[in-house]
1. Residues being part of a helix (DSSP H, G or I) and either over 16 Å from A234 (Cβ atoms) or of a type in the set (G, A, S) (or both): count how many of those fall in segment 247-271.
2. Given the conditions (1) out of contact with any Leu (no Cβ under 8 Å at 6 or more places or on another chain); (2) not in a helix (DSSP H, G or I), which single one is not true for I351?
3. Hey, can you tell me all the residues within segment 292-303 that are part of a strand (DSSP E or B) and exposed (fewer than 14 other Cβ atoms within 10 Å of the Cβ)?
4. Would you mind finding the one in D243, D174 that is free of Cβ contacts under 8 Å to residues at least 24 places away in the same chain and either on the phi < 0 side of the Ramachandran plot or outside the structural domain of T332 (by TED's automatic domain parsing) (or both)?
5. For segment 73-156, which strands (runs of 3 or more DSSP E) that fit wholly inside it have 2 or more residues that are closer than 18 Å to L196 by Cα?
6. Look through V347, V360, V325 and report the one residue that is over 24 Å from C434 (Cα atoms) and either in the same structural domain as G389 (by TED's automatic domain parsing) or of a type in the set (K, R) (or both).
7. If you go through segment 343-355, how many residues are surrounded by fewer than 19 Cβ atoms within 10 Å (Cβ to Cβ) and touching a helix residue (DSSP H, G or I) at 6+ places or on another chain (Cβ under 9 Å)?
Amino acid sequence: MDILSNIFYFCIALGVLIAIHEAGHFFMARLMGVYVERFSLGFGPVLLSRRGKDGTEYSLSLLPFGGYVKMYGEDKDSIDASREHEAFCCKKVWQRFLIVLAGPFNNIALAWALYFLVFLMGIPDVKPVFDVISGGLAEQNGFRSGDLIVKVGDDEVVDIEESLYSLISRIGEDTVSVTVKGGYGAEQERELNLPLSSWSLEPGNPRILDQIGLEPMSYKISGRIEMVESGSRAEKAGLQKDDEFVSYDDIPYQNWKSFSSYIKAHPEKTLKVTLKRDARELTLDLIPEGKEKNGVLQGYAGIMPAIDEIPGITFVRKYDFWPAVKGSWYKTWDMSIITLRFIKKFVTGDISPKNISGPVGIAKGAGLTGRMGYVFFLSFMALISVNLGVLNLLPIPVLDGGHLFFYLLEGIFRKPVSAKALDILMKTGFALLCLLMIVAVFNDLYFSW
């Protein structure tokens with residue numbers, strides 16, 4: 001069922017993003033007086049087609065991974081002298097530049113519009129509050145459990161997503177400045193330096209912050225017992241629901257993770273556990289049962305801790321009209337900059353090509369957010385739209401950014417790039433794009449199993 005919903009939401013997301021992109025080229029071409037022969041969503045065999053009153057053929061093709069706008073006179077050798085005024089190649093360089101720019105511009109504008117809608121409607125969110133892993137890199141550099149990240153470098157962050165993207169975009173850097181507020185944001189700001197040179201991403205690993213010793217915190221595991229398993233060693237030892245841990249083997253209780261690890265490390269050993277029950281303390285002997293896991297004997301007591309909500313950690317990110325206009329602009333700008341940083345990290349090798357995702361990865365994200373609700377789906381579409389717009393602006397032949405680069409050269413030197421050089425560059429760009437798609441599809445298939 002998930003596969004079907006993934007495909008459904010993927011088709012909606014990709015269809016809208018492609019249509020908006022190609023509509024940018026189409027309407028700007030019409031504005032500049034260029035005759036558009038065909039407006040196509042998709043490639044390959046045509047499924048549906050109709051010719052409008054303007055003479056343009058509007059078609060829907062079988063392969064949904066893209067689209068195109070075929071303009072009259074893209075090839076100078078094929079135009080009729082009587083129709084030069086309608087030919088793309090006969091337009092001034094600034095007009096051709098705007099026609100090509102309109103596609104990626106539309107994607108970035110769509111992202112702004114989607115973020116605006118999301119902020120206007122309101123989206124459930126989680127503040128960037130983190131727990132620290134004992135002995136980890138973050139703790140060694142001054143992080144404390146309950147720290148709220150307010151800035152990563154110069155990036156102000158509001159939620160978990162923004163803090164995560166901003167940190168990942170700085171992978172490989174020797175020192176990154178991180179501004180935090182302790183006590184879930186109630187304390188004064190502290191500026192810490194976090195080295196990220198040894199941080200690496202592994203595809204399919206949801207706990208990508210473990211290497212730097214951070215864990216997102218939206219709840220707190222209490223030292224109070226929520227449940228004692230029937231017939232377990234904890235029940236035999238006399239532990240009860242609502243008992244609160246004070247110490248174990250004279251070690252003061254600090255957190256559930258440390259206590260749980262201690263239990264696992266002491267199978268069939270007697271532990272002196274001190275508890276608080278009804279305002280009085282008592283000490284009991286707990287002997288964790290030895291259970292084999294992956295060839296290793298681990299202790300098991302049979303208790304479950306209570307989960308306490310942290311007030312103020314979750315919130316609804318919602319703005320009035322003008323703050324939503326401003327907030328969506330900054331969000332779109334920040335995500336554009338972060339996308340460029342990601343691209344740089346891929347080029348420098350700080351982020352492995354294994355993390356490049358293709359259609360399957362996008363389909364999974366579309367399906368997941370679609371099932372979560374339309375607000376999350378719109379936010380996901382905005383993120384993909386930013387990525388699509390920024391990627392298309394890169395000065396790589398075949399992409400819109402490559403054409404824009406050629407037009408800039410033409411504007412500077414007052415003559416177009418030679419046909420021979422253009423042919424070589426376009427073939428090279430196409431080969432690189434095909435290689436990138438092969439890597440993305442391979443990663444999707446290999447890391448999905």
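The values are calculated or read from the model by the stated rules, or taken from the named source; none is laboratory data. These figures come from a predicted structure and were not determined experimentally. A quick note on method: Cβ atoms are made from the backbone with ideal geometry, for glycine too, and the neighbour counts reach across all protein chains shown.
1. Matching residues across segment 247-271 total 4.
2. (1)
3. Once the filter is applied, which keeps residues that are part of a strand (DSSP E or B) and exposed (fewer than 14 other Cβ atoms within 10 Å of the Cβ), segment 292-303 yields E292, K293, V296, L297.
4. None of the other options fit; the residue is D174.
5. 129-132, 147-152
6. Of V347, V360, V325, the one residue that is over 24 Å from C434 (Cα atoms) and either in the same structural domain as G389 (by TED's automatic domain parsing) or of a type in the set (K, R) (or both) is V325.
7. Counting residues in segment 343-355 that are surrounded by fewer than 19 Cβ atoms within 10 Å (Cβ to Cβ) and touching a helix residue (DSSP H, G or I) at 6+ places or on another chain (Cβ under 9 Å) gives 5.
Per-residue answers, yes or no, for (1) farther than 24 Å from G327 by Cα; (2) hydroxyl-bearing (S, T, Y); (3) at pLDDT 90 or above:
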position	(1), (2), (3)
G153	no, no, yes
E156	no, no, yes
S166	no, yes, yes
E189	no, no, yes
S197	yes, yes, no
